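Down below is the structure, laid out as structure tokens.
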Amino acid sequence: MKGISGDKFVLRDVRVFDGDGIGEPASIVIDGGVISEDPVGAEVIDGDGAVLMPGFIDAHVHLERVEMLDLYAAHGVTTVLDMGIMQAGVLAELRASGRSADLRSAGWPIMASHGVHAPIAGITDIEIISGPEDAEAMVAERIAGGSDYIKVIMEAPGQGGLDAATAKAVVAAAHARQVKVVAHATSQGAYAMSAAAGVDFLTHVPLPDRFSAVEVERIAAAGCAVVPTLTAMEEASEKFDVTALFENSLANVLAMHEAGVLVLAGTDANEIPGVPVHPRHGAGLHRELELLVRAGLSTLEALNAATIHPARAFGLSDRGTIAPGMRADLVLIDGDPLADISATRRIRRVWCGGVEHTPAGSSRSLGAE
């Protein structure tokens, strides 16, 4: 929903989160969807001393319909990184919608077997890769189909994921085209194979396995970033009545973080039939931040994991921070998220590319004050 503030406005008396802390009250100018420095002719919106955050980025979602983009915006998530759309044609529909939260997507994943994923709706429509010789063609096909990065399904050795040679060939084909590679990995073996193949991102974090110091150092040395999807792992531990094992996931995240691995916030939010867990779209990102803090990241580190760090890691150079020339993806919140990470849930107002959207739970009409 577009606010009546028009294309140029000033947010007055806001305390800006800059990646290092929260500043003193200031004014931020938005002009034509980007942050500006020229307030001439702008309407004024009073922020009443609230905290102004860059729009949040969820680095692991699965989208099924265009309305989901509005749901993300309502929760302050202004960019979503989709990690696999199972239904043909949905990605094009999402891109064409022009709806609220901005989208990047892996399109269809590259997988060597439908295997353990067979119960997932639409998965058997995806052509499997038979070996390294298919890598060039399959990567080219994904990119031509609109994939912004390549997703590969990795499993522990012998469980149906890409073998080492095929994984390396896919990574080489993608990197030759300056495209990053994201690996689905939920076990120690899958992590090791993915890191050795040279992937850029590891998604999920093992639930039953606790990494050794040697394994953590190997991951750090490989230079992979990690999107642990703790929200999904917490839900899985509850669904399968193994809640004590969730402490392994938390411990693995802290160990990797302390070893210098870049940890990013992502939820694995989805509504896909056949998937055992369904973290909530939009709201799940706030739970993910809370779980990152529970794992041992500072509140500052958790906030950066959902703003500047995923923006830089995925090459989104126009967002993730509040500065002149950047995209006006903004979230105005009550409270201090550095003191209490749950304050990110208390959203007053949201702008995606300078266009205002109604926050979740709000019944008021949004406009200039």
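Taking only the C-alpha atoms, wrap a convex hull around segment 55-184 and report its volume per residue in Å³ as a whole number.
Numbers: hull volume 13.6 nm³, N = 130.
Once divided by residue count, the hull of segment 55-184 is 105 Å³.
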What percentages make up the Cα-Cα pair-distance distribution of segment 276-324 when the bins are 10 Å wide from 0?
25, 43, 29, 3, 0
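With every protein chain kept in the model, how would you rank Glu67, Glu356 by accessible area, 1.4 Å probe, largest at the top?
Largest to smallest exposure gives the sequence Glu67, Glu356.
Please report, in whole Å³, the volume per residue of the convex hull around the C-alpha atoms of segment 52-92. All intermediate terms of the calculation are to be shown ahead of the outcome.
Details: hull volume 2.5 nm³, N = 41.
Spread over its residues, the Cα hull of segment 52-92 gives 62 Å³ apiece.
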P(r) weight above 19 Å for segment 171-321, C-alpha pairs, percent
51 percent
What does the accessible area of Glu238 come to, in Å² to the nearest 10, when a probe of 1.4 Å is used?
110 Å²
Scattering curve values for segment 140-185, log₁₀ I(q)/I(0), Debye with Cα scatterers, q = 0.22 Å⁻¹
-0.74
Based on the alpha carbon coordinates of segment 247-338, what radius of gyration and maximum Cα-Cα distance (Dmax) apply, in Å?
14.5, 45
From largest accessible area down, sort Arg177, Arg218, Arg319; use a 1.4 Å probe on the protein chains.
Arg218, Arg177, Arg319
Treating the angle as unsigned and between 0 and 90°, give the value, to the nearest 10°, between the Cα long axis of helix 135-144 and the longest Cα principal axis of the chain.
20 degrees
Taking N as its residue count, the alpha carbon Rg of segment 2-72 over 2.2 N^0.38 Å:
1.33
Whole number in Å², please: accessible area per residue of segment 165-275, 1.4 Å probe, ligands, DNA and RNA not counted.
36 Å²
Compute and list, largest first, the equivalent-ellipsoid semi-axes of segment 116-239 from the alpha carbon gyration tensor, each √(5λ) rounded to a whole angstrom.
23, 18, 13
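For Leu69, what is the net charge nearby, where nearby means another residue's Cβ is under 10 Å from its Cβ and Lys, Arg count +1, Asp, Glu -1?
Working: positive: Arg65, Arg99; negative: Glu67, Asp70, Asp102.
Taking every other residue near Leu69 into account, the sum is -1.
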If ligands, DNA and RNA are left out, what is the accessible area of Lys168 with a 1.4 Å probe, given in Å² to the nearest 10?
110 Å²
Distribution of pairwise C-alpha distances over segment 208-278, 5 Å bins, in %
3, 17, 23, 22, 17, 12, 5, 1
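Compactness ratio of the chain: Cα Rg over 2.2 N^0.38 Å, N = residue count?
Details: Rg = 20.4 Å, N = 369, 2.2 N^0.38 = 20.8 Å.
So the Cα radius of gyration is 0.98 times the expected 2.2 N^0.38 Å.
When averaged across all projection directions, what area in nm² does the alpha-carbon convex hull of segment 1-133 cover? List each step's numbers first, then the result.
Details: hull surface 46.4 nm².
Across all orientations, segment 1-133 yields a mean hull projection of 11.6 nm².
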Dividing the Cα radius of gyration by the Kirkwood radius, what Rg/Rh value follows for segment 179-218?
0.95
Could you tally the net charge around Gly89, taking each other residue with its Cβ under 15 Å from the Cβ of Gly89, Lys/Arg +1 and Asp/Glu -1?
-2
Measuring from the longest principal axis of the C-alpha atoms of the chain, the long axis of helix 164-176 (C-alpha) lies at a number of degrees, nearest 10, equal to 40 degrees
Have a look at Arg95, Arg349, Arg327 and tell me which one the Gaussian network model of the chain (Cα, springs below 10 Å) gives the largest fluctuation.
Arg95
On the Cα set of segment 196-238, report Rg and Dmax in Å, please.
11.5, 33
Leaving ligands and nucleic acids out of the surface, order Glu258, Glu141 by accessible area at 1.4 Å, largest first.
Glu258, Glu141
For segment 61-138, treating each Cα as an identical point scatterer without solvent, what Debye log10 I(q)/I(0) comes out at q = 0.26, 0.28 1/Å?
-1.17, -1.28
Max mean-square fluctuation residue, GNM over the chain, Cα-Cα springs under 10 Å, options Gly198, Gly23, Gly55
Gly23
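The values are calculated or read from the model by the stated rules, or taken from the named source; none is laboratory data. Every value quoted in this text rests on a predicted model; they were computed, and no experiment measured them. Neighbour counts run over all protein chains shown; Cβ positions are idealised from the backbone, glycine included. SASA here: full protein model, heavy atoms, side chains in, ligands and nucleic acids out. Shrake-Rupley method; radii C 1.70, N 1.55, O 1.52, S 1.80 Å.
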